[in-house]
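The values are calculated or read from the model by the stated rules, or taken from the named source; none is laboratory data. Keep in mind it's a predicted model, so treat the numbers as computed, not measured. So basically every Cβ, Gly included, is an ideal-geometry build from the backbone, and we count neighbours across all protein chains shown.
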Amino acid sequence: MSETTTQTSLPKFYSTTALIAFIYAGFTILFGIYKLFFYVDGTWFHGLTANGLSLVSTLVWMGILFVFKLFLNRILNYKKADSLINVYLVLSLIALYSVALVVFKSVQIYMALDGEQDINSVMAFASSSISSAILLILAGIGLIITTILLGIRIRTIDVVLKDIFPILGFSLILLGVFSALQIATIPGTEAVVFLLKALSAAVLGYILKEVSQMNYADLPVSREPEKKNVFSKVNAQPASQNVVERTEKINVLKKAKVVAPEPEVIPNLDINALEDKELVLSYFENLSKDELNRLEIVVAKKYTQKLNEDQIKNLVLQHIAEKKLYDHNRYAPK
């Protein structure tokens, strides 16, 4: 990057996903109303409709979760939930395959019939698909456990929106608990599951929407508190001496009646003087494009003048060393 970037907001697809999450929440409530009040068990049409809507719902939710995973990794630099979301997506694919297989075979048999008099045989075939049923049950149990664990992880995020992430976390925990009760056929739990699904989607969409409206450069780099500058030994001059020199320059300019802005002092890091030189360089070289772009914004916004590529790189290295970004234990419990 040869000069400071003008990007100040997150990529557009995050706000688009937020809108989709709100729509999904409304769709989930409507689907719940249909299942609770209009669904007729044992009929081919209602079975096909419910399973078809379930397929669409699962696909959309998987897409929302995938974008949320990117959001946590790239924007909040929070990767503790990454593996859980990956497991959730894999289990959702297994459940999706199981339902899709039943729907496909049911439609295939129905289309081969001479009339509608044998529709019950179609439902009997679908319900007798033992392999699909076993996969669906196992995937469902895995999703319940993963949802609870994911909720536990997400509720501890305190980088931004500290009052909202706990709501999302607890809603996912409750969703997992009531999904388990639903499998155990406890009366009334199905309605609660639909409401919790809608709540989780709405809160997730709100998080993406709010963060999308924040300044990209103002988003936190890490959860660590500010640390003392580690470059005091590297800088050639102490801060007090810099202040004196600046004051003298201003007085000289006033006496000469010359109006000119004071040149900015761009600190220059001697990388060889750092004890953690190799760690800093390794962290810098393995940065993703999005994270490197964000760090360049963070360091460049402190100066009004245009910075060249070498200056920006040097400032990013200083920032990494100062904030100890290469120390991945910074997320460990205090």
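For segment 13-31, which positions are farther than 16 Å from F71 by Cβ and touching a Leu at 6+ places or on another chain (Cβ under 7 Å)? Across segment 13-31, the qualifying residue is only F31. Inclusion of L91 among residues that are touching a residue at least 24 places away in the same chain (Cβ under 8 Å) and aliphatic (A, V, I, L, M) is warranted.
Against the conditions (1) farther than 21 Å from T58 by Cβ; (2) modelled with pLDDT under 85; (3) not hydroxyl-bearing (S, T, Y), R155 satisfies every one except (2).
So that you can scan it fast, the table gives a plain yes or no per residue for (1) more than 12 Å from the chain's Cα centre (by Cα); (2) among the charged types (D, E, K, R); (3) in a helix (DSSP H, G or I):
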{"residue": "H46", "(1), (2), (3)": "yes, no, yes"}
{"residue": "N51", "(1), (2), (3)": "yes, no, yes"}
{"residue": "S57", "(1), (2), (3)": "yes, no, yes"}
{"residue": "V60", "(1), (2), (3)": "yes, no, yes"}
{"residue": "L70", "(1), (2), (3)": "no, no, yes"}
{"residue": "Y78", "(1), (2), (3)": "no, no, no"}
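Which ones in segment 176-209 are basic (K, R) and more than 17 Å from Y34 (Cα to Cα)?
Matches in segment 176-209: K209 only.
For segment 192-218, filtered to residues that are out of contact with any helix residue (DSSP H, G or I) (no Cβ under 6 Å at 6 or more places or on another chain) and assigned to a helix (DSSP H, G or I), the residue that is surrounded by the most Cβ atoms within 10 Å (Cβ to Cβ) is I207. Within segment 20-67, if we keep just the residues that are hydroxyl-bearing (S, T, Y) and buried (at least 18 other Cβ atoms within 10 Å of the Cβ), the residue that is modelled with the highest pLDDT turns out to be Y24.
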